[in-house]
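Enquirer: Here you go, one structure.
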Amino acid sequence: MSWFDRLRRGLGRTREALTGEARPAPEPAPAETVDDAARPSDAAPVRAAGSAPTARSTTPAPPRRSVWEMDWDDLEFALIGADVGARIAAEVVAEAKKERERGTSFVESLEKALLDQLEADRMRQKLRRVGFDLRNVADKIVEPAGHVVMVVGVNGVGKTTTIAKLGQYYQRHGRSVAFAAGDTFRAAGSAQLGVWGERLGIPTQVGADGSDPGAVAYEAAAARRARGHDLLFVDTAGRLHTQHNLMEELKKVKRVIGKADPDEPKEVWLVMDAVTGQNGLQQAKRFHEAVGLTGVIVTKLDGTGKGGILLPIARELRLPIKFIGVGESAEDLQPYDAAAFVRALLDLPAEEPARA
Ligand SMILES: Nc1nc2c(ncn2[C@@H]2O[C@H](COP(=O)(O)OP(=O)(O)OP(=O)(O)O)[C@@H](O)[C@H]2O)c(=O)[nH]1
Ligand SMILES: [Mg+2]
(Lines give C-alpha, C1' and ligand atoms only; values in the text may rest on other atoms or scores of the structure.)
(Ligands and ions follow the chains in the order given, each with its own letter.)
Protein backbone atom coordinates (compact mmCIF):
# COMPACT_ATOMS: atom_id res chain seq x y z
CA MET A 1 0.00 0.00 0.00
CA SER A 2 1.43 3.43 -0.90
CA TRP A 3 1.98 5.98 1.85
CA PHE A 4 -0.79 8.09 0.36
CA ASP A 5 -3.24 5.18 0.49
CA ARG A 6 -2.29 4.64 4.11
CA LEU A 7 -2.94 8.29 4.77
CA ARG A 8 -6.27 8.18 2.96
CA ARG A 9 -7.29 5.06 4.87
CA GLY A 10 -6.16 6.56 8.16
CA LEU A 11 -8.28 9.66 7.61
CA GLY A 12 -11.42 7.67 6.78
CA ARG A 13 -13.27 8.53 9.96
CA THR A 14 -12.58 12.23 9.74
CA ARG A 15 -13.64 12.13 6.08
CA GLU A 16 -16.92 10.52 7.09
CA ALA A 17 -17.45 13.10 9.82
CA LEU A 18 -16.75 15.86 7.33
CA THR A 19 -18.64 14.64 4.29
CA GLY A 20 -21.56 12.76 5.79
CA GLU A 21 -23.94 15.28 4.26
CA ALA A 22 -22.19 15.33 0.90
CA ARG A 23 -24.24 14.65 -2.20
CA PRO A 24 -23.43 14.51 -5.88
CA ALA A 25 -23.04 17.99 -7.31
CA PRO A 26 -26.08 19.13 -9.29
CA GLU A 27 -24.17 20.09 -12.45
CA PRO A 28 -23.87 17.40 -15.13
CA ALA A 29 -20.83 15.23 -14.49
CA PRO A 30 -17.97 15.80 -16.92
CA ALA A 31 -17.16 12.99 -19.31
CA GLU A 32 -14.28 11.52 -17.33
CA THR A 33 -16.44 10.92 -14.27
CA VAL A 34 -18.90 8.58 -15.95
CA ASP A 35 -18.32 5.99 -13.24
CA ASP A 36 -19.32 8.45 -10.61
CA ALA A 37 -22.34 9.65 -12.49
CA ALA A 38 -23.48 6.08 -13.02
CA ARG A 39 -23.50 5.36 -9.32
CA PRO A 40 -26.91 5.19 -7.67
CA SER A 41 -27.63 8.68 -6.42
CA ASP A 42 -28.24 7.51 -2.86
CA ALA A 43 -24.73 6.09 -2.53
CA ALA A 44 -22.50 8.18 -0.30
CA PRO A 45 -20.32 9.69 -3.03
CA VAL A 46 -17.11 10.23 -1.18
CA ARG A 47 -16.87 6.81 0.44
CA ALA A 48 -17.90 5.04 -2.75
CA ALA A 49 -15.29 6.95 -4.70
CA GLY A 50 -12.59 5.51 -2.44
CA SER A 51 -13.19 2.02 -3.80
CA ALA A 52 -13.26 3.07 -7.43
CA PRO A 53 -9.52 2.96 -8.35
CA THR A 54 -9.29 -0.85 -7.97
CA ALA A 55 -12.01 -1.34 -10.58
CA ARG A 56 -10.03 0.61 -13.13
CA SER A 57 -6.51 0.07 -11.94
CA THR A 58 -5.14 -0.05 -15.49
CA THR A 59 -6.19 3.53 -16.22
CA PRO A 60 -5.14 6.39 -14.00
CA ALA A 61 -7.94 7.43 -11.65
CA PRO A 62 -9.62 10.51 -13.10
CA PRO A 63 -9.96 13.56 -10.90
CA ARG A 64 -13.20 13.44 -8.96
CA ARG A 65 -12.99 16.96 -7.72
CA SER A 66 -16.31 18.18 -9.05
CA VAL A 67 -18.56 15.31 -8.10
CA TRP A 68 -19.85 16.29 -4.72
CA GLU A 69 -21.13 19.29 -2.87
CA MET A 70 -22.56 20.26 0.52
CA ASP A 71 -24.70 23.05 1.94
CA TRP A 72 -22.50 25.66 3.59
CA ASP A 73 -24.32 25.25 6.90
CA ASP A 74 -23.82 21.48 6.83
CA LEU A 75 -20.14 22.01 6.06
CA GLU A 76 -19.68 24.43 8.94
CA PHE A 77 -21.45 22.05 11.30
CA ALA A 78 -19.35 19.12 10.11
CA LEU A 79 -16.11 21.08 10.51
CA ILE A 80 -17.02 21.91 14.09
CA GLY A 81 -17.85 18.24 14.64
CA ALA A 82 -14.37 17.33 13.40
CA ASP A 83 -12.91 19.62 16.12
CA VAL A 84 -11.82 22.41 13.84
CA GLY A 85 -13.26 24.93 16.32
CA ALA A 86 -16.08 27.40 15.64
CA ARG A 87 -13.95 30.37 14.61
CA ILE A 88 -11.78 28.48 12.15
CA ALA A 89 -14.80 26.59 10.78
CA ALA A 90 -16.45 29.92 9.96
CA GLU A 91 -13.25 31.11 8.27
CA VAL A 92 -12.98 27.96 6.18
CA VAL A 93 -16.59 28.27 5.03
CA ALA A 94 -16.22 31.97 4.20
CA GLU A 95 -13.02 31.30 2.25
CA ALA A 96 -14.46 28.33 0.38
CA LYS A 97 -17.63 30.25 -0.45
CA LYS A 98 -15.63 33.10 -1.95
CA GLU A 99 -13.69 30.66 -4.10
CA ARG A 100 -16.89 28.84 -5.13
CA GLU A 101 -18.41 32.13 -6.26
CA ARG A 102 -15.49 32.54 -8.62
CA GLY A 103 -16.65 29.39 -10.35
CA THR A 104 -14.24 26.92 -8.75
CA SER A 105 -15.77 23.52 -7.99
CA PHE A 106 -17.00 22.91 -4.46
CA VAL A 107 -14.32 20.36 -3.61
CA GLU A 108 -11.50 22.46 -5.00
CA SER A 109 -12.81 25.49 -3.10
CA LEU A 110 -12.82 23.48 0.10
CA GLU A 111 -9.37 22.10 -0.65
CA LYS A 112 -7.98 25.62 -1.02
CA ALA A 113 -9.68 26.90 2.12
CA LEU A 114 -8.43 24.00 4.23
CA LEU A 115 -4.92 24.23 2.87
CA ASP A 116 -4.81 27.92 3.66
CA GLN A 117 -5.39 27.06 7.31
CA LEU A 118 -3.12 24.04 7.43
CA GLU A 119 -0.06 25.53 5.80
CA ALA A 120 1.25 27.27 8.89
CA ASP A 121 4.44 28.15 7.10
CA ARG A 122 3.59 31.44 5.38
CA MET A 123 6.55 31.19 3.04
CA ARG A 124 5.49 27.78 1.79
CA GLN A 125 1.94 29.06 1.50
CA LYS A 126 3.12 31.92 -0.70
CA LEU A 127 5.26 29.63 -2.85
CA ARG A 128 2.34 27.31 -3.33
CA ARG A 129 0.08 30.20 -4.31
CA VAL A 130 2.45 31.39 -7.00
CA GLY A 131 2.56 27.91 -8.43
CA PHE A 132 5.64 26.25 -6.93
CA ASP A 133 5.36 22.51 -6.82
CA LEU A 134 5.69 21.49 -3.20
CA ARG A 135 4.56 17.91 -3.69
CA ASN A 136 6.78 14.98 -2.75
CA VAL A 137 7.44 16.57 0.61
CA ALA A 138 6.69 13.19 2.09
CA ASP A 139 9.75 11.80 0.31
CA LYS A 140 12.00 14.40 1.84
CA ILE A 141 13.46 13.72 5.22
CA VAL A 142 12.22 15.71 8.20
CA GLU A 143 15.45 17.26 9.45
CA PRO A 144 15.59 17.93 13.17
CA ALA A 145 17.66 20.95 14.20
CA GLY A 146 20.62 19.78 16.26
CA HIS A 147 21.03 16.28 17.59
CA VAL A 148 18.75 15.83 20.58
CA VAL A 149 14.98 15.59 20.37
CA MET A 150 13.10 15.57 23.65
CA VAL A 151 9.66 13.98 23.32
CA VAL A 152 6.89 15.06 25.68
CA GLY A 153 3.14 14.54 26.07
CA VAL A 154 0.53 13.28 28.52
CA ASN A 155 0.29 9.59 29.26
CA GLY A 156 -0.95 7.20 26.64
CA VAL A 157 -0.71 9.53 23.64
CA GLY A 158 1.90 7.34 21.96
CA LYS A 159 5.28 8.85 22.92
CA THR A 160 7.21 5.62 23.40
CA THR A 161 5.90 3.82 20.30
CA THR A 162 6.34 7.02 18.27
CA ILE A 163 9.99 7.23 19.35
CA ALA A 164 10.46 3.64 18.20
CA LYS A 165 8.92 4.53 14.82
CA LEU A 166 11.07 7.67 14.56
CA GLY A 167 14.10 5.52 15.25
CA GLN A 168 13.16 3.28 12.33
CA TYR A 169 12.41 6.28 10.11
CA TYR A 170 15.80 7.91 10.72
CA GLN A 171 17.67 4.62 10.46
CA ARG A 172 16.03 4.07 7.09
CA HIS A 173 17.38 7.45 6.07
CA GLY A 174 20.88 6.47 7.05
CA ARG A 175 21.13 8.25 10.39
CA SER A 176 22.65 6.77 13.50
CA VAL A 177 20.15 6.92 16.32
CA ALA A 178 20.20 6.53 20.11
CA PHE A 179 17.38 6.47 22.66
CA ALA A 180 17.07 7.65 26.24
CA ALA A 181 14.30 5.85 28.09
CA GLY A 182 13.45 8.64 30.47
CA ASP A 183 10.06 7.42 31.63
CA THR A 184 11.23 6.02 34.94
CA PHE A 185 8.03 6.96 36.74
CA ARG A 186 5.72 4.33 35.30
CA ALA A 187 6.59 0.75 36.20
CA ALA A 188 8.52 -0.74 33.27
CA GLY A 189 8.13 2.57 31.39
CA SER A 190 11.86 2.74 30.75
CA ALA A 191 12.15 -0.96 29.94
CA GLN A 192 9.48 -0.60 27.19
CA LEU A 193 11.77 1.59 25.09
CA GLY A 194 14.72 -0.64 25.98
CA VAL A 195 12.92 -3.54 24.30
CA TRP A 196 12.34 -1.44 21.18
CA GLY A 197 15.96 -0.37 21.15
CA GLU A 198 17.11 -3.96 21.29
CA ARG A 199 14.77 -4.99 18.50
CA LEU A 200 15.93 -2.14 16.26
CA GLY A 201 19.59 -2.29 17.19
CA ILE A 202 19.42 1.21 18.67
CA PRO A 203 21.55 1.85 21.77
CA THR A 204 19.20 2.79 24.60
CA GLN A 205 20.01 4.33 27.96
CA VAL A 206 17.54 2.88 30.44
CA GLY A 207 16.97 3.69 34.09
CA ALA A 208 15.62 1.66 37.00
CA ASP A 209 11.95 2.23 37.88
CA GLY A 210 11.69 5.26 40.11
CA SER A 211 15.22 6.47 39.35
CA ASP A 212 16.01 10.05 38.35
CA PRO A 213 14.97 10.69 34.71
CA GLY A 214 17.41 13.60 34.63
CA ALA A 215 20.27 11.17 35.22
CA VAL A 216 19.13 8.94 32.34
CA ALA A 217 18.86 11.94 30.02
CA TYR A 218 22.28 13.27 31.14
CA GLU A 219 24.05 9.96 30.57
CA ALA A 220 22.42 9.50 27.18
CA ALA A 221 23.18 13.05 26.01
CA ALA A 222 26.81 12.74 27.11
CA ALA A 223 27.12 9.35 25.38
CA ARG A 224 25.57 10.66 22.18
CA ARG A 225 28.06 13.47 22.10
CA ALA A 226 31.00 11.19 22.82
CA ARG A 227 30.02 8.59 20.23
CA GLY A 228 28.83 11.05 17.62
CA HIS A 229 25.40 9.57 16.97
CA ASP A 230 23.36 11.78 14.66
CA LEU A 231 20.23 11.75 16.77
CA LEU A 232 19.11 11.07 20.30
CA PHE A 233 15.42 10.77 21.18
CA VAL A 234 14.62 11.28 24.83
CA ASP A 235 11.40 9.66 26.09
CA THR A 236 9.72 11.24 29.10
CA ALA A 237 6.98 10.42 31.58
CA GLY A 238 3.42 11.35 30.70
CA ARG A 239 2.17 11.38 34.24
CA LEU A 240 3.59 12.18 37.65
CA HIS A 241 1.83 12.79 40.92
CA THR A 242 0.58 16.14 39.65
CA GLN A 243 0.70 18.15 36.44
CA HIS A 244 2.85 20.70 38.24
CA ASN A 245 5.42 18.04 39.12
CA LEU A 246 5.42 16.81 35.54
CA MET A 247 6.15 20.23 34.09
CA GLU A 248 8.88 20.88 36.67
CA GLU A 249 10.48 17.55 35.92
CA LEU A 250 10.40 18.15 32.17
CA LYS A 251 12.08 21.51 32.66
CA LYS A 252 14.76 19.80 34.71
CA VAL A 253 15.32 17.08 32.09
CA LYS A 254 15.70 19.77 29.47
CA ARG A 255 18.21 21.72 31.59
CA VAL A 256 20.21 18.62 32.37
CA ILE A 257 20.52 17.68 28.69
CA GLY A 258 22.01 21.13 28.13
CA LYS A 259 24.63 20.43 30.81
CA ALA A 260 25.76 17.27 29.05
CA ASP A 261 25.60 18.82 25.60
CA PRO A 262 25.46 22.62 25.41
CA ASP A 263 22.76 24.06 23.10
CA GLU A 264 20.78 20.82 23.18
CA PRO A 265 18.01 19.79 23.03
CA LYS A 266 17.40 21.82 19.90
CA GLU A 267 14.03 20.13 19.48
CA VAL A 268 11.17 19.45 21.88
CA TRP A 269 8.35 17.61 20.17
CA LEU A 270 4.92 17.22 21.69
CA VAL A 271 3.08 14.01 20.94
CA MET A 272 -0.64 14.63 20.90
CA ASP A 273 -3.45 12.11 20.55
CA ALA A 274 -5.97 13.32 17.94
CA VAL A 275 -8.76 11.72 19.97
CA THR A 276 -8.28 14.32 22.72
CA GLY A 277 -9.25 17.07 20.28
CA GLN A 278 -9.71 20.51 21.75
CA ASN A 279 -8.55 19.31 25.20
CA GLY A 280 -5.26 18.36 23.68
CA LEU A 281 -4.90 21.92 22.50
CA GLN A 282 -5.06 23.18 26.08
CA GLN A 283 -2.48 20.59 27.14
CA ALA A 284 -0.24 21.68 24.31
CA LYS A 285 -0.30 25.26 25.55
CA ARG A 286 0.83 24.18 29.01
CA PHE A 287 3.70 22.11 27.64
CA HIS A 288 4.71 24.97 25.40
CA GLU A 289 4.88 27.36 28.34
CA ALA A 290 6.95 24.91 30.37
CA VAL A 291 9.50 23.57 27.89
CA GLY A 292 9.17 25.58 24.67
CA LEU A 293 7.91 23.19 22.00
CA THR A 294 9.45 23.21 18.53
CA GLY A 295 7.09 20.74 16.87
CA VAL A 296 4.04 18.54 17.23
CA ILE A 297 3.31 14.95 16.29
CA VAL A 298 -0.37 14.06 16.08
CA THR A 299 -1.06 10.36 16.62
CA LYS A 300 -4.11 8.11 16.27
CA LEU A 301 -5.76 10.05 13.47
CA ASP A 302 -7.04 6.67 12.32
CA GLY A 303 -9.02 6.23 15.50
CA THR A 304 -11.12 9.36 15.40
CA GLY A 305 -13.37 11.62 13.37
CA LYS A 306 -11.67 14.60 14.99
CA GLY A 307 -8.77 15.03 12.58
CA GLY A 308 -9.87 18.63 12.12
CA ILE A 309 -7.78 19.36 15.21
CA LEU A 310 -4.81 19.88 12.87
CA LEU A 311 -6.28 23.23 11.86
CA PRO A 312 -6.15 24.86 15.30
CA ILE A 313 -2.74 23.26 15.92
CA ALA A 314 -1.39 24.95 12.81
CA ARG A 315 -3.25 28.22 13.31
CA GLU A 316 -3.45 28.77 17.05
CA LEU A 317 -0.37 27.05 18.39
CA ARG A 318 1.62 28.13 15.35
CA LEU A 319 3.84 25.11 15.75
CA PRO A 320 5.01 22.99 12.85
CA ILE A 321 3.40 19.58 12.66
CA LYS A 322 6.33 17.22 12.03
CA PHE A 323 4.71 13.80 11.70
CA ILE A 324 1.23 12.31 11.87
CA GLY A 325 0.22 8.84 13.00
CA VAL A 326 -2.46 7.12 10.95
CA GLY A 327 -2.14 3.60 12.34
CA GLU A 328 -0.07 1.32 14.52
CA SER A 329 2.63 0.14 12.15
CA ALA A 330 5.95 1.90 11.58
CA GLU A 331 4.92 3.04 8.08
CA ASP A 332 1.84 4.69 9.58
CA LEU A 333 3.95 7.41 11.14
CA GLN A 334 4.28 9.80 8.22
CA PRO A 335 6.06 13.11 7.66
CA TYR A 336 3.33 15.72 7.62
CA ASP A 337 2.50 17.48 4.41
CA ALA A 338 -0.45 19.88 4.46
CA ALA A 339 -1.34 19.44 0.79
CA ALA A 340 -1.25 15.64 0.92
CA PHE A 341 -3.30 15.70 4.11
CA VAL A 342 -6.06 17.75 2.51
CA ARG A 343 -6.08 15.71 -0.69
CA ALA A 344 -6.27 12.44 1.24
CA LEU A 345 -8.97 13.86 3.44
CA LEU A 346 -11.10 14.93 0.49
CA ASP A 347 -10.39 11.70 -1.39
CA LEU A 348 -8.64 13.52 -4.21
CA PRO A 349 -5.88 11.72 -6.12
CA ALA A 350 -2.40 11.88 -4.62
CA GLU A 351 -0.96 14.10 -7.27
CA GLU A 352 -2.37 17.28 -8.57
CA PRO A 353 -3.50 16.42 -12.11
CA ALA A 354 -1.73 18.45 -14.76
CA ARG A 355 -3.73 21.54 -15.53
CA ALA A 356 -4.54 22.45 -19.11
N1 LIG B 1 -4.22 3.42 16.11
C2 LIG B 1 -3.11 4.06 16.45
N3 LIG B 1 -2.51 3.73 17.60
C4 LIG B 1 -1.38 4.37 17.95
C5 LIG B 1 -0.82 5.38 17.13
N6 LIG B 1 0.29 5.85 17.77
C7 LIG B 1 0.41 5.14 18.91
N8 LIG B 1 -0.60 4.25 19.04
C9 LIG B 1 -0.84 3.32 20.16
O10 LIG B 1 -1.05 4.01 21.38
C11 LIG B 1 -0.75 3.19 22.49
C12 LIG B 1 0.01 3.95 23.55
O13 LIG B 1 1.31 4.17 23.08
P14 LIG B 1 2.57 4.49 24.01
O15 LIG B 1 3.67 4.77 23.07
O16 LIG B 1 2.78 3.47 25.04
O17 LIG B 1 2.12 5.85 24.70
P18 LIG B 1 2.93 6.75 25.72
O19 LIG B 1 2.61 8.17 25.41
O20 LIG B 1 4.36 6.38 25.71
O21 LIG B 1 2.24 6.35 27.07
P22 LIG B 1 2.83 6.51 28.58
O23 LIG B 1 4.21 5.96 28.57
O24 LIG B 1 1.88 5.75 29.43
O25 LIG B 1 2.79 7.97 28.89
C26 LIG B 1 -0.02 1.99 21.91
O27 LIG B 1 -0.88 0.89 21.90
C28 LIG B 1 0.32 2.44 20.49
O29 LIG B 1 0.41 1.36 19.58
C30 LIG B 1 -1.51 5.73 15.90
O31 LIG B 1 -1.11 6.61 15.13
N32 LIG B 1 -2.63 5.02 15.61
MG1 LIG C 1 5.65 5.75 27.21
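The values are calculated or read from the model by the stated rules, or taken from the named source; none is laboratory data. On a predicted model such as this, the values are computed, not experimentally measured, just so you know. Here Cβ is always computed from backbone atoms with ideal geometry, including for glycine, and neighbour counts include all displayed protein chains.
Enquirer: Inspect all residues belonging to region 334-354 and state whether any of them is of a type outside the set (Asp, Glu), under 29 Å from Glu219 (Cβ atoms) and either within 15 Å of ligand 1 (Cβ to nearest atom) or more than 20 Å from the chain's Cα centre (by Cα) (or both).
Expert: no
Enquirer: Considering each residue of region 173-226, count those that are part of a loop (DSSP other than H, G, I, E, B), modelled with pLDDT of 95 or more and surrounded by 22 or more Cβ atoms within 10 Å (Cβ to Cβ), and give that number.
Expert: Selection size over region 173-226: 1.
For (1) at pLDDT 90 or above; (2) under 26 Å from Ile321 (Cβ atoms); (3) in a helix (DSSP H, G or I), each residue gets a yes or a no:
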residue: Phe4; (1), (2), (3): no, yes, yes
residue: Ala17; (1), (2), (3): no, yes, yes
residue: Val34; (1), (2), (3): no, no, yes
residue: Pro53; (1), (2), (3): no, no, yes
residue: Arg87; (1), (2), (3): yes, yes, yes
residue: Glu91; (1), (2), (3): yes, yes, yes
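Enquirer: Can you work out which of the residues in region 145-172 that are within 12 Å of ligand 1 (Cβ to nearest atom) and assigned to a helix (DSSP H, G or I) is surrounded by the fewest Cβ atoms within 10 Å (Cβ to Cβ)?
Expert: Checking each candidate, the answer is Thr161.
Enquirer: Going by what's in this entry, would Glu264 be described as surrounded by fewer than 20 Cβ atoms within 10 Å (Cβ to Cβ) and either more than 24 Å from Arg8 (Cα to Cα) or among the polar types (S, T, N, Q) (or both)?
Expert: When the stated conditions are applied, Glu264 does not pass them.
Yes or no, residue by residue, for (1) hydroxyl-bearing (Ser, Thr, Tyr); (2) more than 13 Å from ligand 2 (Cβ to nearest atom):
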site	(1), (2)
Ala181	no, no
Val195	no, no
Ala217	no, yes
Thr236	yes, no
Arg239	no, no
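Enquirer: Given the conditions (1) touching a residue at least 60 places away in the same chain (Cβ under 8 Å); (2) away from ligand 1 (no atom under 15 Å from the Cβ); (3) in a strand (DSSP E or B), which single one is not true for Asp263?
Expert: Answer for Asp263: the failing condition is (3).
Enquirer: Restricting the search to region 308-352, which residues are crowded, with 21+ Cβ neighbours inside 10 Å, outside any helix (DSSP H, G or I) and of a type in the set (Gly, Ala, Ser)?
Expert: Gly325
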